[in-house]
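First the structure, in the form of structure tokens, and then the observations on it.
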């Protein structure tokens, strides 16, 4: 069971972390946790969060929720990062193959009544299964300010209803700052990424809001 913090405590955490580097934020969070995890889907700029977290805690569990719809570029990028950073990957996939789902449902448009079920199958169920197995008290993500209205409403540290501290070390970083971080640390990036649940851009997938 994750420790519950008051809203005042979470607010103080964020005040304390203003101006800290991503690695300093990761170090702070690791020191506040007993069972941290980092989740990834190997989308663009994921190399930054994976590098920052594993530079502090090399053996941290890296939960990869693979929808089964990734591009060949994404899969090659994932294998490159796994090898480069020595990631401790725990893979979670939907219970139904993408080929089966394509035949029965296809990829529903965002306004299709089946879109909610599709998102549940390919993202939410595998994610919930992973969190149930690992029961983390700290969850590292690569959420950043300016991506969506919901993400603008949180900060470096936020707390879900389950009490898990969600920590976004690059929350205040721009694309340009992330590009520089990746270049300085010789971490590859890949932009040919496809999210089947976001037929329209700038929407949440349900994991974070």
(request) Give me the distance in nm between label points sitting 7 Å out from Cα along the Cα-to-Cβ direction at residue 73 and residue 59, one decimal. (result) 3.7 nm
(message) Among DSSP bridges having both ends in the chain, what percentage is antiparallel? Round to the nearest 5.
(response) 15 percent
(request) Enter the angle in degrees (range 0 to 90, nearest 10) between the Cα long axis of helix 22-31 and the first principal axis of the Cα atoms of the chain, meaning the one along which they spread out most. (result) 80 degrees
(message) Compute the angle between helix 175-184 and the longest alpha-carbon principal axis of the chain, please, reported from 0 to 90 degrees and rounded to the nearest 10.
(response) 70 degrees
(message) Can you show me the helix-derived [θ] at 222 nm for the chain, built from DSSP H runs with n ≥ 4 at -39,500 (n - 2.57) apiece and divided by the number of residues, rounded to the nearest 500.
(response) -11000 deg cm²/dmol
(request) With a cut-off of 15 Å, note down the residues of the stretch 86-121 whose backbone N falls inside the zone around a label point 7 Å from the Cα of residue 133 toward its beta carbon. (result) 88-96
(message) Between residue 23 and residue 103, what is 0.36 nm times their sequence separation minus the Cα-Cα distance? Round to one decimal in nm.
(response) 24.3 nm
(message) Need one number: the % of Cα-Cα pairs in the stretch 1-117 sitting beyond the 25 Å mark.
(response) 42 percent
(message) Quick check: the angle from helix 46-56's long axis to the longest principal axis of the chain, C-alpha only, nearest 10 degrees?
(response) 40 degrees
(message) If I take all pairs of Cα atoms in the chain, what percentage of them are more than 26 Å from each other?
(response) 33 percent
(request) Quickly work out the residue 15-to-residue 90 label distance, labels modelled 7 Å from Cα along the C-beta direction, and quote it in nm with one decimal. (result) 3.5 nm
(request) Give the Rg/Rh ratio for the stretch 1-68, taking Rg as the radius of gyration of the Cα atoms and Rh as the Kirkwood radius, to two decimals. (result) 1.00
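A short reminder: the numbers here are calculations on the coordinates, not readings from a lab. It should be emphasised that the depicted structure is a prediction, and the values quoted were computed from it without experimental measurement. Glycine gets a Cβ as well: all are built from the backbone with ideal geometry, and neighbour counts include every protein chain shown.
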